[in-house]
Amino acid sequence: MSGFEFFEEVRRYDKFQSIPFIFLSGHGDPVHMQKGKELGSDDYLIKPFDPELFISTIRGKLKRKEQLTTAISHQYDELKNRLFFMLSHEMRTPLTSIMGATEILAGGGEDLSEDDFKEFLEMLQTGRNG
């Protein structure tokens, strides 16, 4: 299998999606380099290669992966917090109506008209105002 085929096979698996992929190839012509980059590789190095450059490239790609992981984690936490806030707000809204209606009805409700009394009962059943 060629390096391109190998790359495409590896990328079929979700668990390998976030791992940086660097082509290290003897094919240094622009067509091969372009194809490797268009496939979505993180870099394309040509043999013979400088070992120090190769190590620096790997470190840089792993650092970038760490940065992306941190950014995604922060976005996930922010989304989770917003969702929690929205859900807790949605849960409290009906309770506010129910609590208000029960306070009025618990106070005796003698001053309420029959229509007002029915409206408060409906609030208790539906958890919504009016």
Check: What is the count of Lys pairs in the chain whose alpha carbons sit under 24 Å apart, if the two are 8 or more places apart or on different chains?
Finding: 16
Item checked: Separation in nanometres of the label points that stand 7 Å from Cα toward Cβ, at residue 117 and residue 71 -> 6.4
Item checked: Three-way shape call for the chain based on the alpha-carbon gyration tensor, with the a/c threshold at 1.5 -> prolate
Checklist line | Global geometry of the range 30-71, whether rounded, prolate or oblate, following the gyration tensor of its Cα atoms and the 1.5 cut on a/c | finding: oblate
Check: Fewest first, what order do 66, 8, 114 take by the number of other Cβ atoms within 10 Å?
Finding: 114, 66, 8
Checklist line | Residues with amide H under 5 Å from that of residue 25, placed H, sequence gap 5 or more | finding: 45, 46, 47
Next item on the list: Give me the number: length gained by fully extending residue 80 to residue 19, i.e. 0.36 nm times residue separation minus the C-alpha to C-alpha distance, one decimal in nm.
Entry: 19.4 nm
Next item on the list: Scan the chain and note any complete DSSP helix (H) whose C-alpha atoms cover at least 30 Å along its axis and whose Kyte-Doolittle average is 0.0 or more.
Entry: none
Margin query: Can you classify the range 1-71 as rounded, prolate or oblate using the Cα gyration tensor, where a ≥ b ≥ c are the square roots of its eigenvalues, rounded means a/c under 1.5, and otherwise it's prolate if a/b beats b/c and oblate if not?
Written below: oblate
Next item on the list: Sort 72, 104 so the one with the fewest other Cβ atoms within 10 Å of its own Cβ comes first.
Entry: 72, 104
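Bear in mind these aren't lab numbers, they're just calculated from the coordinates by the rules spelled out. Being a predicted model, the structure only gives us computed values, none of them experimental. Methodologically, a virtual Cβ is constructed for each residue, glycine included, from the backbone with ideal geometry; neighbour enumeration extends over all protein chains shown.
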